[in-house]
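First up is the structure itself, then whatever we jot down about it.
No value in this document is a laboratory result; all are computed from the given coordinates. Because the structure is predicted, anything quoted here is derived from the model rather than measured. Heads up, the Cβs are rebuilt from the backbone with ideal geometry, glycines too, and the neighbour counts pull from every protein chain shown.
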Amino acid sequence: MMDRFLAAHRPLFVLVIFTGSFLLFLIQPMVARMALPLLGGAPNVWNSAMLVFQALLLGGYAYAHALARLPLRRQVGVHLALLAAAALTLPIALADIARPAAGWEVLWVPALFALTVGPVFMLVSAQAPLMQRWYAAHPAAGNPYVLYAASNLGSFAGLLTYPLWLEPRMALGEQSGLWTAGYALLIVLVAALAISRWNNGTVVSGPTVTVEVEEPAVRPTARQILLWIALAAVPSGLMLSTTSLLTTDLMAMPLLWVIPLGFYLLSFSLAFSDSGDWSRVLTRLAPVLLLLVGSMAMISGGQANPATAIAMVGLLFVLSVALHARLYDLRPHPRHLTLFYLVVAAGGALGGAFTAIVAPVLFDWIYEHPILLIGAALLLPAKPLVPQMAWLWEAGPRRRVIAGCLLLVAVVLMALLAQATLDGNGSRILALILALTVLGVAAMGNRAAYVAVVALLMLGHGGIGTLKASLEGDRTRSYFGVYTVEVVDNGRLLQLSHGTTVHGRQWLVPSRRTEPTTYYGPTAGVGIALAEAAPDAVVGIVGLGAGTLACYRQPGQQWVFFEIDPQVARYSDDGTFTFLADCTPDARMVIGDARLELAREPQGHFDLLAIDAFSSDSIPMHLMTAEAFATYQRVMDRDGLLLLHVSNRFIDLAPMISALTQATGWHGLLRSDMEQPGEGLTPSVWIALARTPERLDALEQASTLPWTALPPPARRAWTDDNASILPLIRW
């Protein structure tokens with residue numbers, strides 16, 4: 001009878017777990033997307049959000065662990081009552097809290113997310129371990145851990161659904177309403193599951209699980225618990241550091257957020273499987289892939305290459321499967337199931353905290369990524385790639401001799417690789433990486449030797465140069481990214497880079513200190529517009545960079561700079577770059593998100609407004625929506641000119657701007673300055689917008705250089721509620 005009951009109701013357990021996880025990972029990108037307009041589109045928004053979600057997940061698992069101590073009937077009653085009470089906080093809307101002072105975003109953002117979704121997220125996150133506990137309470141249940149695969153498949157489905165279906169089709173208010181309906185369905189499903197258990201008389205009277213197993217329920221040791229934490233923390237931290245690599249140079253948006261998280265969750269489904277076929281194969285390949293792909297982890301800016309970014313995501317997935325498979329092999333008796341998941345959640349939260357909070361404070365570069373890869377190397381099983389190589393690492397003096405010789409050769413190869421990397425000799429770099437990889441494969445039976453080879457590979461392939469830049473003080477990190485100041489062009493130019501993108505250069509030749517450079521030359525769209533601006537114009541610049549545009553200022557003009565990151569402003573304040581001091585010493589500097597700060601400016605205040613607020617190549621989506629254009633329209637004079645910098649390696653923004661002009665009543669022209677216009681200058685694409693076609697005619701007449709019409713508009717103009725880059729990607 002009990003077996004028949006279990007067979008009939010196991011699908012209901014799977015459905016409840018799947019639904020809870022689906023909702024859980026649908027709400028994550030939704031809430032982060034709601035917050036983007038408040039946060040300047042910073043890539044770190046997702047890391048901050050994930051840190052809160054991991055902390056709430058830990059709280060949910062702690063709640064499930066505590067609730068599991070009660071009789072099962074009482075567990076059901078308490079859980080349903082709390083689910084119903086949390087429904088009073090719906091539909092989802094951002095908490096109304098005061099804006100943070102500049103520089104305090106790293107703490108304010110987590111507080112915003114916690115207050116917005118805390119109650120419902122914590123309770124929904126408890127579904128997976130709690131339902132497995134209820135399932136294990138049945139005498140014929142067997143292994144409850146396999147249900148965790150259903151949980152992670154639900155999470156994966158939720159992640160894919162949001163960017164590919166929900167976000168492009170619904171406004172945020174509609175998304176919130178739909179999620180509320182799904183939450184109500186979850187309560188009904190949990191109630192149906194509880195009723196079915198009662199009606200069949202299978203609810204036990206106490207917290208004791210009566211699964212019939214042969215082995216005793218041995219309590220996990222402190223060493224086991226610490227190993228669980230490490231095996232959970234490293235993949236979690238790697239997931240966030242890989243996300244940073246993707247979003248820094250593309251866009252802080254759900255589609256890119258969910259790629260690493262989706263593969264991270266999918267790894268649980270493969271690892272927590274009774275068959276374990278795929279996890280065994282990937283665990284065998286993980287050390288080799290770590291040598292090959294991990295060798296690129298310390299190249300400053302090297303991850304901007306799309307192929308490298310894809311390889312990093314693949315490495316994240318394989319390592320996550322390998323480490324989670326080891327975690328599954330170390331799972332405890334089902335009686336300690338909720339403790340196991342609580343510890344796993346704690347490890348995930350620790351990994352997230354290290355990446356999102358600790359690393360940005362400690363490091364001036366994304367050193368957390370190679371550190372976590374070294375952690376993965378330490379935790380992978382120390383087994384030879386093929387059994388025939390086991391004799392190399394048999395105990396005895398020979399083991400130490402082999403390890404010493406191998407490491408000596410690896411150090412020599414690392415030194416040669418570092419020199420080849422400095423020289424830019426591609427074929428030699430590849431040959432030396434392959435040679436070190438072979439040594440690493442040979443070392444796979446000795447954990448210490450293998451980890452050493454992995455570290456040497458990273459150091460040789462760009463790592464020494466990255467460390468040197470940090471030691472020389474040329475790099476700074478803030479909530480909004482990693483900035484590097486370096487001398488280039490044989491000592492003639494000082495360059496500011498944000499992530500992997502140049503954000504300004506200044507000539508070190510005294511006679512050329514005020515000369516415009518990079519994207520801001522006299523033949524660029526913004527250079528043409530500023531040159532023909534009225535002598536008494538009020539000019540606003542969104543995005544300071546090195547301050548290059550300042551030297552277009554004419555006597556009698558008023559200039560205002562808007563900059564979200566205080567660190568960028570410091571480069572001008574401390575004299576690193578002197579454009580502002582040389583050309584606009586009396587300009588007003590406004591620190592904060594430009595869209596929020598512009599809303600405080602007087603109506604019709606600006607005659608020219610230039611928007612140039614990229615973070616590396618990441619697009620500030622909230623500055624490119626219909627609502628943002630309404631703000632620009634309010635603060636600009638009727639005959640004012642709006643300039644938009646749309647140069648980008650990966651995304652063609654011009655069709656979206658064209659759609660926005662149609663939706664908001666602007667007229668536009670495009671200036672593509674793609675031929676190398678001169679020494680120190682960079683190709684660029686700028687769009688000029690005006691409320692009247694006559695204003696654009698005057699701009700064209702002021703220059704002999706050609707302007708062109710905007711391209712055909714995108715299908716839909718971006719709004720704060722609805723935006724997608726899929727149609728704009730340069731595939």
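Per residue of the chain, what 222 nm ellipticity follows from adding -39500 (n - 2.57) for every DSSP H run with n ≥ 4, rounded to the nearest 500?
It comes out at -17500 deg cm²/dmol, rounded to the nearest 500.
Specify whether the C-alpha gyration tensor of region 389-468 places it in the rounded, prolate or oblate class, a ≥ b ≥ c being the square roots of the eigenvalues: rounded for a/c under 1.5, otherwise prolate if a/b is larger than b/c and oblate if not.
Cα axes put region 389-468 in the prolate bin.
Dipole of region 493-728 (Lys/Arg Cβ +1, Asp/Glu Cβ -1, origin at the Cα centre): which of Leu530, Gly592, Phe629 lies farthest to the positive side?
Phe629
With +1 on each Lys and Arg Cβ and -1 on each Asp and Glu Cβ, and nothing else charged, work out how big the dipole of the chain is about its Cα centre, in Debye to the nearest 20.
Dipole magnitude for the chain comes out near 2920 debye.
For each of Ile651, Ile17, count neighbouring Cβ atoms within 10 Å of the residue's Cβ, then give the residues from fewest to most.
Placing the least packed residue first, the sequence is Ile651, Ile17.
Would you work out if region 342-433 is rounded, prolate or oblate? Take a ≥ b ≥ c from the square roots of the eigenvalues of the alpha-carbon gyration tensor; rounded if a/c is under 1.5, else prolate when a/b is larger than b/c, oblate otherwise.
Oblate, because a/c is 1.5 or more while a/b does not exceed b/c.
Rg and Dmax of the chain, using alpha carbons, in Å: what are they?
Cα only, the chain: 28.4, 92 Å (Rg, Dmax).
State the answer as a single residue: which of His65, Ser497, Cys551 lies farthest towards the positive end of the charge dipole of the chain, with beta carbon charges of +1 for Lys and Arg and -1 for Asp and Glu, about the Cα centre.
His65
Just order 354-363, 23-32 by mean Cβ neighbour count inside 10 Å, highest at the front, would you?
So the peptides 354-363, 23-32, ranked by packing, come out 23-32, 354-363.
Go through the cysteines of the chain and tell me which have no other cysteine Cβ under 4.7 Å away.
Cys405
Can you give the Rg/Rh ratio of region 425-582, where Rg is from the C-alpha atoms and Rh is the Kirkwood radius?
Here Rg/Rh amounts to 1.16.
Answer with one residue from Gly465, Asn425, Val412: the one whose Cα lies farthest towards the positive end of the charge dipole of region 389-471, charges on Cβ with Lys, Arg +1 and Asp, Glu -1.
Toward the positive end, the furthest listed residue is Val412.
Only four residue types carry charge here, +1 at the Cβ of Lys and Arg and -1 at the Cβ of Asp and Glu. Report the dipole size of region 389-471 about the Cα centre in Debye, rounded to the nearest 20.
Dipole magnitude for region 389-471 comes out near 180 debye.
What percent does the relative contact order of the chain come to when contacts are Cα pairs within less than 8 Å and at least six residues apart?
Result for the chain is 14 percent.
Would you work out the charge dipole size for region 445-529 about its Cα centre, treating the Cβ of every Lys and Arg as +1 and the Cβ of every Asp and Glu as -1, and quote it to the nearest 20 debye?
Once rounded to the nearest 20, the dipole reads 100 debye.
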